Amino acid sequence: MEVLIAATAEEAAKFAAEAVLDGLRSRTEGNTVLGVATGSTPLGLYGELAKAVAGGEVDFGDTLAFALDEYVGLEGTHEQSYRQTLVRELCGVIGIREENLFTPNGFGDSEEQIRAQSAAYDAAIAAAGVDVQILGIGANGHIGFNEPGSSLRSRTRIKRLSSKTREDNARFFDGLDAVPTHSVTQGLGTILEARRVVMVATGSHKAAAVATALEGPLSSACPGSVLQLHPDAVVVLDEAAAAGLKNRDYYDDSAAGLQFGI
C-alpha cells in the first residue's frame, strides 16, 4: 500500500488523479475501465482528470465506468440517484459517454429481482475487469455502501444503510425520512478485484477511520481495512485526514521513491 499525504485537499486531488492516470496507462488492450464513486471527496479528483483531458493527456471517450453503488427504490432517472449524480459530476466533466456508464439497478418489483440484478452487475464488472477503482471512506470506515460488519469477501448485493450514513446523506433529500434505507453496493470482494484502487480522504472527520483502515487490524468492523489485502492500493490524504497515522515518517519516505511523477 502506498500512502501519499498532501498539504491540502486540492493537492490531494492532483496526487490522486496522477495515480488514476498511471493505473489506466498500464492497460494493454481493450477499453480502459474505471470504477467510480460519488460524494464530495472525488469531485476534486474528477476536476483534475478534466484538466488532463483538456491538455490532451487522456481521452475518456471509450472508457467504461462502473459505479460503486445505488439506492434501492430509486429509478436511474431520479434526480438523487447515483446514476444521475454521476452523469452530472463525472460524464459531464471528464467526457465519459453516458451509455458507457454502468450503475447498479436498485429498482424492481421484488427483492428477488433486485438480487438478480445485483448478481448480473457483479458479473459484468468481473467480465470487464476494472483497471482503477476510485474510493472514498466514510467516517465509520465504510467503502461503497459496505457498512461495518460487511463480509470481507462480499459481492454486489443489497445492504441496509446505517443511521449515520443516512443522516450524512439527508442533505441531498427532503429530510431524513426521504433517504432510502437500503442500497445495492459492490461488495468488498468485488472491489478488491480491481487491478488498482485509489482511495482519497480529506478532512479531520475522516482521520479516525483512515488510521483504523490503514494501521488497525483487518476487520469487518472497519470495511476500509480490506485495502490492506490489495496488492496495488494507493491512499491519498490531506494533512487533516492523516492526523491519526502512527507511521507517518515511513509513508513520507516511501512516497519519495514513487515512479509516477509525484
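The values are calculated or read from the model by the stated rules, or taken from the named source; none is laboratory data. This structure is a prediction, so every number in the text was calculated from the model and none was measured. Counting neighbours? That spans all protein chains shown, and the Cβs are built from the backbone with ideal geometry, glycine included. With ligands, DNA and RNA removed, areas are computed over all heavy atoms of the protein, side chains included. Shrake-Rupley method; radii C 1.70, N 1.55, O 1.52, S 1.80 Å.
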So residue 79 ticks every box in (1) without any contact (Cβ under 8 Å) to a residue 24 or more places away in the chain; (2) within 24 Å of residue 21 (Cα to Cα) but one. Which box is left unticked? (2)
Quick check on residue 196: is it modelled with pLDDT of 95 or more, among the basic types (Lys, Arg) and touching a Ser or Thr at 6+ places or on another chain (Cβ under 6 Å)? no
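What are the residues in the range 153-164 that are open to solvent by 50 Å² or more (accessible area, probe 1.4 Å) and either assigned to a loop (DSSP other than H, G, I, E, B) or of a type outside the set (S, T, N, Q) (or both), if any?
Those that are open to solvent by 50 Å² or more (accessible area, probe 1.4 Å) and either assigned to a loop (DSSP other than H, G, I, E, B) or of a type outside the set (S, T, N, Q) (or both): 153, 155, 160, 164.
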Six or more apart or on different chains, Cβ under 9 Å: which pairs go from a residue in the range 199-216 that's closer than 16 Å to residue 250 by Cβ and touching a residue at least 12 places away in the same chain (Cβ under 8 Å) to one that's among the β-branched types (Val, Ile, Thr) and not in a helix (DSSP H, G or I)? Could you list them? 210/137; 210/235; 214/3; 214/235
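Yes/no per residue for (1) more than 22 Å from residue 120 (Cα to Cα); (2) modelled with pLDDT under 95; (3) charged (D, E, K, R):
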| position | (1), (2), (3) |
| --- | --- |
| 138 | yes, yes, no |
| 163 | yes, yes, no |
| 171 | yes, yes, yes |
| 177 | yes, yes, yes |
| 188 | no, no, no |
Single unsatisfied condition, residue 123 versus (1) among the hydrophobic types (A, V, I, L, M, F, W, C); (2) over 30 Å from residue 175 (Cα atoms); (3) surrounded by 16 or more Cβ atoms within 10 Å (Cβ to Cβ): (3)
Taking the range 204-245, which residues are among the polar types (S, T, N, Q) and touching a His at 6+ places or on another chain (Cβ under 6 Å)? none
Answer from 89, 99 - the residue that is touching a Ser or Thr at 6+ places or on another chain (Cβ under 8 Å), open to solvent by 50 Å² or more (accessible area, probe 1.4 Å) and of a type in the set (Asp, Glu): 89
How many residues, within the range 99-123, are out of contact with any Leu (no Cβ under 9 Å at 6 or more places or on another chain) and farther than 18 Å from residue 188 by Cβ? 12
Residue match in the range 18-33 (condition: touching a residue at least 24 places away in the same chain (Cβ under 8 Å), among the aliphatic types (A, V, I, L, M), open to solvent by 30 Å² or more (accessible area, probe 1.4 Å) and in contact with a strand residue (DSSP E or B) (Cβ under 6 Å, 6 or more places away or on another chain)): no
